[in-house]
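This report concerns only the one structure given below.
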Amino acid sequence: GNGQRELAEAVAGMRATTAGSITIDGAPLTKADPRVAHAAGLAHIPEDRLHTGLAPSLAIEENLALTAYRRPPLAVGPFVSAKRVRAQAEQLIEEYDIRAPGPATPTRLLSGGNVQKVVLARELSADPTILVAAAPTRGLDVGAIEAVRGLLVEAAGRGVAVLLISEDLDELLDLADRVAVIYEGRIAGVVDAAGADPTDLGVLMGGGTA
């Protein structure tokens with residue numbers, strides 16, 4: 001109920017905005033849909049990884065192809081190459097250490113951590129310039145949390161601008177360069193994560209000034 005999901009969906013083109021503007025490299029995306037935002041270089045890890053981020057009954061290989069099947073190399077004219085979809089899935093399963101019997105496994109049978117790795121593999125393999133990550137470690141075990149955090153840090157190290165939206169203040173302070181606090185729809189303050197005082201951030205969260 002704090003608007004974090006709505007913020008992420010608005011930036012990713014999944015929800016209509018009522019005010020403000022969204023641009024990537026000067027290109028307006030305020031009224032864009034997710035496909036346009038993705039083509040502009042935006043990747044999105046939604047809060048609901050299993051039902052919004054993926055089609056749970058589809059195979060891992062099909063979920064990994066969801067954002068790329070319309071264009072080469074997966075698309076061959078008007079058709080999708082099943083052989084190339086399988087080859088891409090095998091490569092990403094190995095690269096992102098997705099623990100599964102095989103690429104044809106229904107995604108709903110995976111653990112939460114492996115489901116999240118499927119989402120990350122699909123989104124990061126598209127070489128985005130911006131990654132919107134909404135609560136990417138919520139509900140995961142310790143090992144999966146570290147794996148997901150490592151992938152986010154690695155992406156940032158490659159130059160991907162990561163917008164991390166989270167209720168976990170410790171996670172934000174561990175991973176972020178800057179922390180922006182929004183109160184009642186407006187940015188109440190922006191602080192450097194290094195050396196930030198959690199108490200001051202709490203004051204901003206309550207509508208005060210730090």
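The values are calculated or read from the model by the stated rules, or taken from the named source; none is laboratory data. Because the structure is a prediction, the values reported are computed rather than measured. Ideal geometry is used to build each Cβ from the backbone, glycine not excepted, and the neighbour counts take in all protein chains shown. The accessibility values were calculated without ligands, DNA or RNA, using every heavy atom of the protein model including side chains. Shrake-Rupley method; radii C 1.70, N 1.55, O 1.52, S 1.80 Å.
Descriptive notes on the structure:
- R122, sole failed condition from (1) under 16 Å from the mean Cα position of the chain (by Cα); (2) part of a helix (DSSP H, G or I); (3) more than 22 Å from G157 (Cα to Cα): (3)
- Residue in the stretch 66-73 that is part of a helix (DSSP H, G or I), open to solvent by less than 60 Å² (accessible area, probe 1.4 Å), touching a helix residue (DSSP H, G or I) at 6+ places or on another chain (Cβ under 7 Å) and of a type in the set (S, T, N, Q) present: no
- In this structure, R86 qualifies as over 22 Å from L131 (Cβ atoms), in contact (Cβ under 8 Å) with a residue 24 or more places away in the chain and not aliphatic (A, V, I, L, M).
- Selection within the stretch 44-65 - of a type outside the set (A, V, I, L, M, F, W, C), over 13 Å from T105 (Cβ atoms) and part of a loop (DSSP other than H, G, I, E, B): P46, E47, D48, R49, H51, T52, G53
- Scanning the stretch 87-106 for residues that are surrounded by fewer than 17 Cβ atoms within 10 Å (Cβ to Cβ) and outside any loop (DSSP other than H, G, I, E, B) yields a total of 6.
- Qualifying residue in the stretch 150-160 (condition: among the basic types (K, R), open to solvent by 60 Å² or more (accessible area, probe 1.4 Å) and in contact with a strand residue (DSSP E or B) (Cβ under 8 Å, 6 or more places away or on another chain)): no
- T67 meets the conditions (1) at pLDDT 95 or above; (2) in contact with a Lys or Arg (Cβ under 8 Å, 6 or more places away or on another chain) in every case but one. The failed one is (1).
- Test: residue in the stretch 52-64 that is at pLDDT 90 or above, under 30 Å from A180 (Cβ atoms) and open to solvent by 30 Å² or more (accessible area, probe 1.4 Å): yes
- Pairing residues of the stretch 103-114 that are over 12 Å from A55 (Cα atoms) with residues that are among the basic types (K, R) and outside any loop (DSSP other than H, G, I, E, B), at Cβ distances under 9 Å and at least 6 apart in sequence or on separate chains, gives P103/R86; A104/R86; L110/K117.
- Unique residue being at pLDDT 95 or above, closer than 25 Å to D170 by Cα and part of a helix (DSSP H, G or I) when the list is V132, V115: V115
- Where strands (runs of 3 or more DSSP E) fall entirely within the stretch 142-210, those with at least 3 residues that are at pLDDT below 95 are at 178-183, 186-192.
- Taking every residue in the stretch 143-166 that is among the charged types (D, E, K, R) and pairing it with any residue that is open to solvent by 40 Å² or more (accessible area, probe 1.4 Å) and assigned to a loop (DSSP other than H, G, I, E, B), at least 6 positions away or on another chain, the pairs with Cβ-Cβ distances below 9 Å are R158/D127.
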